[in-house]
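To start, the structure under review is shown below, and the notes come after it.
Since every read-out is calculated from the coordinates, none of them should be taken as a lab result. Everything numeric here is computed off the predicted structure, so don't read it as measured data. Backbone-built Cβ (ideal geometry, glycine too); neighbour counts: all protein chains shown.
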Amino acid sequence: VAKSRGRNNVQLFAPSMLEATQERSRMAAELRSGLETGQLSLYYQPVVALATGRIIGLEALVRWRHPERGMVLPDTFIPLAEETGLIVDIGRWALAEALPQLKAWNAVVPGMRDVKLHVNLSAAELLRKDLLDDVAGTLTRCGIAPEQLVFEITETVLMTRETEEAQVLAKLGGLGVGLQIDDFGTGYSSISYLRSLPADTVKVDQSLIKGIDADEGQRDFVAAVLQLIRSAGLQAIVEGIETGGEAGRLRELGCVYGQGFHFSRPVPADAVVSLFNADFPPA
Ligand code: C2E
Ligand code: MG
Ligand code: MG
Ligand code: MG
């Protein structure tokens with residue numbers, strides 16, 4: 001477009017860039033006030049054992065109910081929150097929201113203490129000074145074993161070595177909470193790091209399994225990825241399973257755990273207990 005209008009018209013783009021910047025800072029301000037006025041909430045999506053259909057985990061996923069925009073999904077505002085540092089407050093809020101919620105579920109759902117709560121953690125949150133005290137303190141206050149909490153962290157963060165972030169991760173692990181690599185296969189992963197991770201589980205990104213049902217080549221590829229993860233001594237959870245066909249294929253490939261719309265979309269907290277009333281069909 002710029003070319004067809006000629007070089008002299010390049011300044012035409014200036015106003016829209018300015019608008020984009022203004023739009024972003026307006027959204028950042030709205031997000032901050034949204035956080036303060038209770039517009040954020042957590043939805044929960046089950047992680048399922050494919051062979052039995054049993055729920056083995058719940059991933060907390062933030063939602064923003066904006067007064068005019070309606071429901072805003074995290075892909076729109078988490079990157080903005082990360083750029084502006086607001087993610088630190090969102091993360092603090094998410095822990096304060098999810099752990100008491102888990103405590104309540106522990107009291108009413110049979111076997112709940114074997115179900116792990118997954119919380120996403122952004123890189124910037126690892127540098128929050130009170131993160132370790134906050135995690136340890138909230139777990140103690142809620143009477144939750146550290147082993148019931150899992151942090152999902154993207155691979156780029158886990159790859160950093162000998163940094164402050166790495167030390168925090170080691171200390172989080174030392175508390176007894178689980179660490180999992182999120183979105184495996186989308187970052188700049190070098191497979192050599194897989195064997196030296198401070199994590200025990202890898203969440204395979206949904207983009208890797210698209211087409212697995214129809215495409216034999218894709219199936220072979222996913223089989224190899226799963227084998228790679230196993231050979232590094234790690235567990236795999238495959239994300240983004242949308243059909244029974246995909247679930248069945250993955251199970252054939254030896255995948256033990258999965259997550260996706262096929263089992264359940266993320267649901268509000270008050271819909272979680274009913275998820276436990278019946279197991280999902282085995283893949
Ligand atoms: P993620 O941690 O990889 O979460 C999985 C995303 O995939 C979620 O999107 C979930 O709704 C979606 N998903 C699950 N199953 C399926 C499926 O079968 N098909 C498709 N197409 N999508 C599926 P969501 O909730 O929009 O979250 C997007 C990302 O935002 C998350 O990706 C995570 O990186 C980030 N995020 C969400 N909540 C938080 C939070 O509390 N803190 C931080 N730091 N990041 C968060
Ligand atoms: Mg995640
Ligand atoms: Mg993911
Ligand atoms: Mg993701």
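Listing His118, His66 from fewest to most neighbouring C-beta atoms within 10 Å gives His66, His118.
Split the chain at each of the trypsin sites (Lys or Arg not before Pro) in a DSSP loop with at most 10 other beta carbon atoms within 10 Å, and the longest piece is 1-128.
When the Gaussian network model of the chain links Cα atoms closer than 10 Å, the mean-square fluctuations of Glu165, Glu152, Glu252 top out at Glu252. Of the residues Val47, Val202, Val157, the one that moves most in a GNM of the chain with alpha-carbon contacts below 10 Å is Val157. Ranking Pro198, Thr84, Val238 by how far each Cα lies toward the positive end of the dipole of the chain (charges on Cβ) leaves Thr84 at the top. Summing charges over neighbours of Gly217, with a neighbour being any other residue whose Cβ is under 15 Å away from its Cβ, gives -1 when K and R count +1 and D and E count -1. Assuming charge only on the beta carbon of Lys and Arg (+1) and of Asp and Glu (-1), the dipole of the chain about its Cα centre is about 220 debye to the nearest 20.
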